[in-house]
Amino acid sequence: MFIFYIKKNKFIIVIFTIISIVIATTQAFASFFYFNNNLKVANAPLKDRSQKIQKDNLIAENNKENKKAEIKPKFYLIIDDVGYDEFMLEQFIKLNLEINYAIIPFLPKSMSLYKKLKNNNKTVIIHFPMQSKHRNSIEKFHINIKDKKEEIHKKIEKTFKMYPDTKIMNNHMGSLITSNKDLMKIILTKLKEIDRYFFDSVTIAGSVPETIGKEIGVRVEKRDIFLDSKDTEESVLKELEKAKNIARKHGIVKVIGHIWSRNTLKVLKKEEPNLNQEFEFDNLLNLYEETIR
């Protein structure tokens, strides 16, 4: 009976089956599109958040690069031997550069030139005469290899008392003293006691102030370049280029020139705009105080 019914209604069953398949397929597609749309809606905040993170990271990287570009290498320029030539000092003062002027104490013009520099808001350090190995003539007031500890201390105290706004001393000549460990320990210990600093002009290869400073806990900085050891315009330009490359590589350079060098003056005057554009000329005292902070 059932078999007869199937045979009789075969066409209806086929139609019903097709309709069922169509309905099932339609429901499946509908479910798929519904799930897909909901997934997109659900993922939209995650996508937005991911894009925001990527954007923020890109901005942070750009800011980092911009900050790097904004930070100029530090250029510490010291002009030694101030105390004799007032005319040359006036020419250097006219330069639009942050210069540290190293004045030889107790010369006839030292105090008037010191006051001139202070009145022009210039940084002054003490250019302390010290005995050389080469028997060079030297100023009467100097540190001698035969000086006792008390004599050295008195000379240092007297100098900083006479020029109270100075915080740093460097050596004028002095190869015999700066290569002597015992004398440099006496000098640096006294400077530490009165809250002053030493800058090594490095007038001899065996200079020991930096080594002694580390032993007794005193910060000592030292010169990288002499601009005018050979006093020609070509040589000064060459040494200045070396100084620039050191600053570019290490972010800092410490340079010494001399007040008597017209070639140093000429080169600095010529190079001044480019130097200020690329480098930050700074007060030498900041180098010591930044290290302390």
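Solvent-accessible area per residue in the range 139-251 equals 52 Å², computed with a 1.4 angstrom probe and all protein chains kept. A straight chain from Glu234 to Ile71 at 0.36 nm per residue would run longer than the Cα-Cα distance by 55.7 nm. Summarising the label geometry, the points placed 7 Å from Cα in the beta-carbon direction at His250 and Thr211 lie 1.8 nm from one another. Mean sequence separation of contacting Cα pairs (under 8 Å, at least six apart), scaled by the length of the range 198-247, corresponds to a relative contact order of 30 percent. Subtracting the Cα-Cα distance of His134 and Lys270 from 0.36 nm times their residue separation leaves 45.5 nm of extension gain.
Extension gain, Lys109 to Asp165: 0.36 nm times the residue separation minus the Cα-Cα distance gives 18.4 nm. The portion of the accessible surface of the range 134-293 made up by carbon and sulfur, rounded to a whole percent, is 48 (1.4 Å probe; DNA, RNA and ligands excluded). Each 10 Å bin, from zero up to the one with the longest distance, holds this percent of the alpha carbon pairs of the range 184-293: 13, 38, 32, 16, 1. Mean separation of Cα pairs under 8 Å and 6 or more residues apart, divided by the residue count, gives the range 88-159 a relative contact order of 25 percent.
The values are calculated or read from the model by the stated rules, or taken from the named source; none is laboratory data. In this text, all values refer to a predicted model and were calculated from it rather than measured experimentally. Positions of Cβ are generated from backbone atoms using ideal geometry, with glycine treated the same way; all protein chains shown enter the neighbour counts. Only protein heavy atoms, including side chains, enter the accessible area calculation; ligands, DNA and RNA are left aside. Shrake-Rupley method; radii C 1.70, N 1.55, O 1.52, S 1.80 Å.
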